[in-house]
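Novice: Attaching a single structure in structure tokens format; questions to follow.
The values are calculated or read from the model by the stated rules, or taken from the named source; none is laboratory data. Being a predicted model, the structure only gives us computed values, none of them experimental. Note that we place each Cβ from the backbone using ideal geometry, even for glycine, and neighbour counts take in every protein chain shown. Just the protein is used for accessible areas: all its heavy atoms, side chains included, with ligands, DNA and RNA removed. Shrake-Rupley method; radii C 1.70, N 1.55, O 1.52, S 1.80 Å.
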Amino acid sequence: MKVLVINCGSSSLKFQLINSEDDSVLAKGLCERIGMAGSRLVYSPAAQEKEIINEDMQNHKKAVELVIAALTDKNKGVIESLSDVDAVGHRIVHGGEKFAGSVCIDDEVIEAIEACNDLAPLHNPANLIGILSCRELMPDTPMVAVFDTAFHQTMPAKAYLYGLPYRYYENYKVRRYGFHGTSHSFVSEKTAQLLGKPYEELKTIVCHLGNGASICAVKGGKSVDTSMGLTPLEGLIMGTRSGSIDPAIVEFIADKENKTVEDVMNLLNKESGVLGLSGIGSDFRDIMEAMDKGDERAKLTLDAYCYQVVKYIGAYTAAMNGVDAIAFTAGLGENNSYVRKKICEYLDYLGVKIDDTQNEKRGEDVIISTADSKVKVLVVPTNEELKIAKETLSQIKS
Ligand code: AMP
């Protein structure tokens, strides 16, 4: 069967067409600058050169139309017609408390996703536009919603409640939700497979370190705690996000610089983190390059980043009363051996030992700890699209 995976952002649409027979990607791509001047589709069919299609995309519906035109194109297409798409899986950022798993999309589900809009105002409305556009163009194709938050719905109340008046939870559902759930679920399950251990018995800490970053404690296949919160701003220092800070800093900066709360939130989301600390940029490759040239702030940024990760690993080891495996994933987790090594150096107290040769491998599942390391450490490339495709198929089959 062929599953089209759609991930809509506010001005972008990422897609993959996956063949479920062998999990292969038939084609993938990205529509950029939707609703703006200079919009384009970067289309990459498997085993062929990628193509850049510069065309006006006033909205997401037009973007979906272009994607379908590319997929069914006589020369570069990978399917004959739209009817070859058996199902569509949509990545949805926030499912609130309503969704603890993936669901087939109907009117009721669309309404429930809409009801979560105020919890993810930048993401959910865009995700919904993706659903509605696809529904218009493929009314008879089953569609499934796969939520970033769903995997974390197993967290106990003691982990998801904040120290706020309880009425804020009761009235507005202010609580920790967590994100990157599809990735944490995929990577933790793969970790168990790679170690040949039953998923239900393993205590794993997944470090999803990308531009956005979060850590998750997975005990017996269930998320029991995670670093992102009500929004994806909490937790680790990220590319441009501050991560956890003293909440009083918001008022302090607003007073000092005569800013509104909205200004300060913007600063915390877009001008902070690695970008703000280093003054160089949000991409770790640039920070590494600057550090290698002797830039002290770049080094300090990397030190502060790794230190935060180490603190979460310690906290989650305590929360699970031990840890069997630590898995690194996402852009940085998969590609940056320096950061992994630096983090693991702190984990001496857990009996972690890293094999430097293994740690230099890239682009594959690899155990980077030594045979006698008490805790296994792995690099597991994440594959959120494949996970979404699998979830989609399992929903439409059931
Ligand atoms: P993501 O959001 O998962 O795409 O991760 C983005 C981060 O991963 C950036 O800070 C990059 O520096 C880092 N990254 C991505 N690809 C590579 C690579 N091939 N080598 C080193 N770092 C990378």
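Novice: Could you look through segment 195-208, keep only residues that are more than 13 Å from I313 (Cα to Cα) and aliphatic (A, V, I, L, M), and pick out the one that is least open to solvent (accessible area, probe 1.4 Å)?
Specialist: L202
Novice: Additional query: For segment 258-312, which fully contained helices (runs of 4 or more DSSP H) count at least 1 residues that are within 12 Å of the ligand (Cβ to nearest atom) and closer than 14 Å to S242 by Cα?
Specialist: 273-278
Novice: Sticking with this structure for a sec: Can you pull out every residue in segment 44-60 that is in contact (Cβ under 8 Å) with a residue 40 or more places away in the chain and under 22 Å from K2 (Cβ atoms)?
Specialist: Correct list: H60 only.
Novice: Something else now. Answer yes if at least one residue in segment 325-340 is away from the ligand (no atom under 16 Å from the Cβ) and in a loop (DSSP other than H, G, I, E, B), and no otherwise.
Specialist: no
Novice: Next up: Name the one entry in R176, R167, R241 that is in contact with a helix residue (DSSP H, G or I) (Cβ under 6 Å, 6 or more places away or on another chain) and more than 16 Å from the ligand (Cβ to nearest atom).
Specialist: Being in contact with a helix residue (DSSP H, G or I) (Cβ under 6 Å, 6 or more places away or on another chain) and more than 16 Å from the ligand (Cβ to nearest atom) holds for just one of R176, R167, R241, which is R176.
Novice: Still on this structure, I have one more. Is it the case that D255 is more than 16 Å from the ligand (Cβ to nearest atom), more than 21 Å from G95 (Cα to Cα) and open to solvent by 10 Å² or more (accessible area, probe 1.4 Å)?
Specialist: So D255 passes the test.
Novice: Of the conditions (1) touching a residue at least 24 places away in the same chain (Cβ under 8 Å); (2) part of a loop (DSSP other than H, G, I, E, B), D246 fails just one. Which one is it?
Specialist: (1)
Novice: What pairs come out if I take residues in segment 167-183 that are free of Cβ contacts under 8 Å to residues at least 24 places away in the same chain and pair them with residues that are assigned to a loop (DSSP other than H, G, I, E, B) whose C-beta lies under 6 Å away, six or more apart or interchain?
Specialist: These pairs meet every condition: Y168/V174; Y169/R175.
Novice: Residues that are open to solvent by 20 Å² or more (accessible area, probe 1.4 Å), among the basic types (K, R), within 21 Å of T141 (Cβ to Cβ) and free of Cβ contacts under 8 Å to residues at least 40 places away in the same chain: does segment 61-72 have at least one?
Specialist: Yes, that holds for at least one residue.
Novice: Against the condition within 26 Å of L119 (Cβ to Cβ), part of a strand (DSSP E or B) and open to solvent by less than 30 Å² (accessible area, probe 1.4 Å), how does H90 come out, does it pass?
Specialist: yes
Novice: Also, I was wondering about something else. Being open to solvent by 70 Å² or more (accessible area, probe 1.4 Å) and assigned to a loop (DSSP other than H, G, I, E, B) is the filter here; which residues of segment 43-59 pass it?
Specialist: Within segment 43-59, A47, Q48, E49, K50, E55, D56, Q58, N59 meet the criteria.
Novice: Further question: Could you grab me the full set of residues in segment 209-241 that are open to solvent by less than 10 Å² (accessible area, probe 1.4 Å) and either under 13 Å from T317 (Cβ atoms) or assigned to a strand (DSSP E or B) (or both)?
Specialist: L209, A213, S214, I215, C216, A217, V218, S223, T226
Novice: Out of segment 107-150, which residues are among the β-branched types (V, I, T) and open to solvent by 40 Å² or more (accessible area, probe 1.4 Å)?
Specialist: Scanning segment 107-150 gives a single hit, I129.
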